[in-house]
Amino acid sequence: MPVPTQRRGILLHAAELRFSRAEPIIMGMPQTLDPIYWTADMVRALPDDGNRYELVHGELLVTPAPRLLHQEVVLRLGVALRAYLEREPVGHVMLAPADISWDPGTLVQPDLFVAELAEVRTLDWARVRHLLLAAEVLSPATARFDRFTKRRRYQEAGVGTYWIVDPDARAVEVWTPLDLFPLIQRQQLRWHPAGAAMPFEVSLQELFRPI
């Protein structure tokens, strides 16, 4: 009988699943011997192999390490939001990896998000449930999932504002929970959360400037 393995794949009895770096893999369970519905606890138990594991409605998504451009844009946006929230302390900005779970079949790691201060101060991921803002920076490996599966889940969870940041198109899609279509921003990104005296603003030319 073959021996299970955990190298560069998910342990599924005797099969080693190797992941293409071209696009994310949404894993349903084709065999009855395998789990038919992934849970957040199952994902947390997976080995740390350099991939990102997320879960939406019981479907497992596996993506490889992000490209350098992705990381640079996330960092720039995070620095700008941190400076803003020091002036307007309505929430706390954090970066992935994270552990946001609204139900047993969901575990997401937004690239960047702003959560309520009271929840973050508990230092307990299980209590961080209300996101004022979430942002995903697109990579070729994540675009489809970020634009559809995760976007719908963020809307269902009532995430106040969701940004889909596209460095290649030099644009940002802005979504709110009831939107059927996004607002496309190409010049400036603006966010005015409840309780803040002044809005957050950042030039997209500055956000997407060359390194």
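No lab work stands behind these numbers, since they all come straight from the coordinates. Only a predicted model underlies this, so the values are computations on that prediction, with no experimental measurement involved. Heads up, the Cβs are rebuilt from the backbone with ideal geometry, glycines too, and the neighbour counts pull from every protein chain shown.
Which of HIS57, HIS92 comes first, and how do the rest follow, when ranked by fewest Cβ neighbours within 10 Å?
Working: HIS57 13, HIS92 19.
By the 10 Å Cβ count, ascending, the order reads HIS57, HIS92.
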What is the Rg over Rh value, at two decimals, for the range 37-147, using alpha-carbon atoms and the Kirkwood definition of Rh?
0.97
Placing one equal point scatterer on each C-alpha of the range 114-195 and summing with Debye, one gets log10 I(q)/I(0) at q = 0.13 Å⁻¹ equal to -0.43
Between ARG170 and ARG190, what length in nm is gained on full extension when 0.36 nm per residue of separation is reduced by their alpha carbon distance?
5.7 nm
Indicate the gyration tensor shape class of the range 68-207 (rounded, prolate or oblate), computed on the Cα atoms with a ≥ b ≥ c the square roots of the eigenvalues: a/c under 1.5 is rounded; otherwise a/b larger than b/c is prolate and the rest oblate.
rounded
Of the peptides 78-84, 131-137, 50-56, 198-204, how do they stack up when ordered by the mean number of other Cβ atoms within 10 Å, highest first?
131-137, 50-56, 78-84, 198-204
